[in-house]
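A quick write-up on the structure given underneath.
The values are calculated or read from the model by the stated rules, or taken from the named source; none is laboratory data. Remember, it's a predicted structure, so these values are computed and weren't measured experimentally. Please note: Cβ atoms are built from the backbone with ideal geometry, for glycine as well, and neighbour counts cover all protein chains shown.
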Amino acid sequence: MTYTASRDPLFAAAVRKAPGTARGKAPEGGAAEVVNAQKMILPCAQGDPLYLAVRPGLRYLEAREPHRTRTSPPS
């Protein structure tokens, strides 16, 4: 998985204006402004917004694969 997080208030304000953003619930059940299932704005303890996006993928497994090198044909 790849995570993106930002506490920039200007960025959060722009995301709030995006079509489809609505009040909803975070995965743990707390209040959030949800763009879609993988992008949301969460309230922080200090009151600042936190933009969080998650992109599922196999990055960890891909990184563990050994690099394959091209071998030249036998001469």
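If you scan segment 19-34, which residues turn out to be in a strand (DSSP E or B) and among the hydroxyl-bearing types (Ser, Thr, Tyr)?
Residues satisfying the conditions do not exist here.
For segment 1-30, name all the residues that are hydrophobic (A, V, I, L, M, F, W, C) and either in contact (Cβ under 8 Å) with a residue 24 or more places away in the chain or in contact with a Gly (Cβ under 8 Å, 6 or more places away or on another chain) (or both).
Correct list: 1, 5, 11, 12, 15.
Anything in segment 5-18 that is at pLDDT 90 or above and not in a helix (DSSP H, G or I)? List them, or say none.
The answer is 5, 6, 7, 8.
Give segment 1-60 a look and list any residue that's of a type in the set (Val, Ile, Thr) and surrounded by 10 or more Cβ atoms within 10 Å (Cβ to Cβ), or say none.
4, 15, 21, 34, 35, 41, 54
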